[in-house]
Every structure is written in structure tokens, then in C-alpha cells.
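K.L.:
Sending over a structure as C-alpha cells; questions will come in a sec.
The values are calculated or read from the model by the stated rules, or taken from the named source; none is laboratory data. Because the structure is a prediction, the values reported are computed rather than measured. Here the Cβ is made from the backbone with ideal geometry for all residues, glycine too, and neighbour counts use every protein chain on show. Quick note on the areas: whole protein, heavy atoms, side chains included, nothing else; ligands and nucleic acids left out. Shrake-Rupley method; radii C 1.70, N 1.55, O 1.52, S 1.80 Å.
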Amino acid sequence: MNAGMGFKLSHLQSMLLFAALISVAFGFLSRRRPMDRVKYILWSLFLFLLIGVGIGWAMYPFSH
Amino acid sequence: MADETTAAAVPGRNAKRETIAFFIAVAGWLVPGLGHALLKMWGRAVMSFLSVGLLVILGAGMRGNVFSSGGNDAFDALGFLADLGTGTFYLAATKLEANGADVSHAGGDYGTRFLATAGVLNLLTALHAYEAARGRKA
């Protein structure tokens, strides 16, 4: 990250931040009990990353 | 008689509840989390505010595109609608991005998505607050 309002994030960092923020928001909105929220957040985060990395690898052959 | 009184009172009460729910949704749209805060759902209020706020700060910091109303095509118009979903944070995003957008690199492109997602997420939370205010299970 740079100083000031300029953020320089890698693809992975951006994806991780995005997935984490959205998972937390979804978890709090859709579940009421704390334990259910934690489970939902972790599951959602895992799926975000799995699908993100999966799509990345699926596109890999086309980049050459 | 009692039934008639009850029957007459219920539509009025429902209309009042609908009006309150509408204003809670508008409040939630203008300031992320405010709708839930008015309903005393503190956890959801704080997390909505932080999630939308962080997405806007990161999106603007990565120099994502903050769409304006004077777009050239349908995609610009949709982007503007999504960005507008952040309510007052839209103004904050335009102020934070003093140097303008730069989507010539991946970071700027990610920033554009962060900003649009913040808007759509805030609309979702406002809708959730609206449903909760109407008495639907939330």
C-alpha cells in the first residue's frame, strides 16, 4: 500500500479483501446467532476463494 | 362491534408501519447501517457501515471509476446507479478520489468493482432493514 489515498494491492490481496468484506456483511445480514454467523462467514469466504481461484485456473490455458 | 373496531384499526396500523419502514429504508440507503441502527439491530448496523465504508475507501483508494450521471452508454448508467446505492458515501468517494479514476491497471478495475459492490450491498442492507421494519422475519 502507498501512503495517502493510493492503494496498490495485488490480485490476490484484492480478492481476499473483497471476499472477506462481502462474507462478513452477508453473514451478519442473513444469520442471527453468533455461531451461525461465524459458520456462514467462513463457508462463504471459502467458496468465494475456491471459485475465484478455480476461475483463475480455468482461464490460465487461454492466457498463452 | 369489537371486531369492526379491530378490522378498521389494522389497515391504519399497517399503513403507519409501511410508512415507518419506508423511511427506515431511505435512512439506511443514505447512511449505511442507519436503518438497522434505528431498529436497534446494532451488530448489523455496525457491520453494514464498516463493510460499505471500507469498500468505498478501498475502491476510491485504488482509483476505481466513480460513475457520474452524464454517462455515455447503458453501462455507465448502470454503474452510476450502483455507485449511487452507497448514499452519502457516493459524495465521499468523489472527494476521496481527488486524482480521478485510473482503470489502465488492474487495481483501478478492482476499485471500480469495489465501489459498485458497496452500492449494491448497501441497497441490500436497506432492503433488509425495510423488511425487518415491516415485521418480516430478519
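K.L.:
When only alpha-carbon atoms count, how far does chain A stretch along each of its three principal axes, as whole angstroms with the largest first?
P.N.:
Largest first, chain A extends 47, 36, 13 Å along its Cα principal axes.
K.L.:
Just to be sure I understand the model, the point goes 7 Å from the Cα along the line to the Cβ. What's the resulting B:S68 to A:L42 distance in nm?
P.N.:
4.8 nm
K.L.:
Which of rounded, prolate, oblate describes the stretch B:88-138, given a ≥ b ≥ c as roots of the alpha-carbon gyration tensor eigenvalues and a/c under 1.5 marking rounded, otherwise prolate only if a/b is larger than b/c?
P.N.:
Cα axes put the stretch B:88-138 in the oblate bin.
K.L.:
Also: Counting trypsin sites (Lys or Arg not before Pro) as exposed when in a DSSP loop with at most 16 other beta carbons within 10 Å, what is the longest stretch of chain B free of them?
P.N.:
In chain B, the maximal stretch lacking such sites is B:41-133.
K.L.:
Just add up the charged neighbours of A:A25: K/R +1, D/E -1, any other residue whose Cβ is under 12 Å from the Cβ of A:A25.
P.N.:
Details: positive: A:R31, A:R37, B:R44; negative: none.
Net local charge, A:A25 excluded: +3.
K.L.:
Within a Cβ distance under 12 Å of B:R63, other residues only, what is the Lys/Arg minus Asp/Glu net charge?
P.N.:
Taking every Cβ under 12 Å from that of B:R63, the sum is -2.
K.L.:
In nanometres, what is the gap between the two model label sites at B:L30 and B:W42, each 7 Å from Cα along Cα-to-Cβ?
P.N.:
2.4 nm
K.L.:
Per residue and in Å³, how big is the convex hull formed by the alpha-carbon atoms of the protein assembly as shown?
P.N.:
Measuring per residue, one finds 163 Å³ for the Cα hull of the protein assembly as shown.
K.L.:
A follow-up question, please. How many angstrom separate the Cα center of the stretch A:15-52 from the Cα center of the stretch B:54-133?
P.N.:
21 Å
K.L.:
Evaluate the relative contact order of the stretch B:49-135 (contact order divided by residue number), counting alpha-carbon pairs under 8 angstrom at least 6 apart; express in whole percent.
P.N.:
44 percent
K.L.:
For peptide B:118-127, what's the mean number of Cβ atoms from other chains within 10 Å of each residue's Cβ?
P.N.:
Neighbouring Cβ atoms belonging to other protein chains average 2 per residue here.
K.L.:
Nearest 100 Å² is fine: how much accessible area is buried between A and B, summed over both sides, with a 1.4 Å probe?
P.N.:
1900 Å²
K.L.:
Could you tell me whether the stretch B:24-66 comes out rounded, prolate or oblate from its Cα gyration tensor? Rule is a ≥ b ≥ c as square roots of the eigenvalues, rounded for a/c under 1.5, then prolate if a/b exceeds b/c, otherwise oblate. Please report the intermediate quantities before stating the final value.
P.N.:
Details: a/c = 5.71, a/b = 2.12, b/c = 2.70.
Oblate shape, in that a/c is at least 1.5 and b/c is the bigger or equal ratio.
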